[in-house]
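All remarks here apply to the structure that follows.
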Amino acid sequence: MKIPLNGSCQCGAVTYTVSAEPLFTYACHCSSCQKRTGSAFSLGLVIATEAMALKGALTAWSRVSEQGNTNTRYSCASCGNIIYGIGDINPELAKLQAGTLEDTSAVEPEVHIWTSRKQPWLTLPDGVQQFETQPEDGLALLQAAMDYRARG
Ligand SMILES: [Zn+2]
Ligand SMILES: [Zn+2]
């Protein structure tokens, strides 16, 4: 991916720049992601929160996950487009919504989580890293993404 990454919401009131390489990219098939995206799964990039510079007014909304962690998501105050989310256990990492990037073509999920909720019509590529739920240890996801990259 070409750094910096630039992105915006649909209406353009919120714009951002990410100045460091994302740690990894993932697809989440959980029912909460299906609901909030109105789609079959969400596509995200895990980035260092401090690497993101953002302009524009945001609204915040928090929910408590099945594991009891609080996740806050930030959306454009005008158009409601979700830009990123942050979990209270790992505030130094942000989950950026891949679809808000200017160039989405470079985003390929290295890890798939919550495949137990995956739509049956969707077949995942061979060799892609899969987790039936979400591992409690976030490092397991990073390790899986590195293994996937190493295999090419
Ligand atoms: Zn907007
Ligand atoms: Zn999810």
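The values are calculated or read from the model by the stated rules, or taken from the named source; none is laboratory data. Every value quoted in this text rests on a predicted model; they were computed, and no experiment measured them. Cβ sites come from the backbone with ideal geometry, for glycine too, and all protein chains shown count toward neighbours. Quick note on the areas: whole protein, heavy atoms, side chains included, nothing else; ligands and nucleic acids left out. Shrake-Rupley method; radii C 1.70, N 1.55, O 1.52, S 1.80 Å.
Tabulated results
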item	result
Loop sites in region 1-105: GluC sites (Glu not before Pro), DSSP, at most 16 other Cβ within 10 Å	66, 92, 102
Computed over the chain, Kirkwood Rh from alpha-carbon pairs, angstrom	15.8 Å
The chain, accessible surface, carbon-and-sulfur percent (1.4 angstrom probe)	50 percent
Spread of Cα-to-Cα distances over 5 Å intervals beginning at zero, given as percent, for region 40-84	5, 16, 22, 29, 21, 7, 1
Karplus 3J(HN,Hα) series, Hz, for region 85-96 with 6.51 cos²θ - 1.76 cosθ + 1.60 (x for Gly, Pro)	x, 9, x, 5, 7, 9, x, 6, 10, 10, 9, 8
Computed Kirkwood radius, in angstrom, where 1/r is averaged over Cα pairs of region 1-68	13.9 Å
Estimated translational D of region 68-152 in µm²/s (Stokes, Kirkwood radius over Cα pairs; 25 °C; 0.890 mPa s)	165 µm²/s
Angstrom value of the Kirkwood radius, inverse mean 1/r, which spans all Cα pairs in region 103-152	11.8 Å
Å² per residue, accessible surface of region 1-139 at 1.4 Å	54 Å²
Net charge of neighbours whose Cβ lies under 15 Å from the Cβ of residue 69, counting Lys and Arg as +1 and Asp and Glu as -1	-2
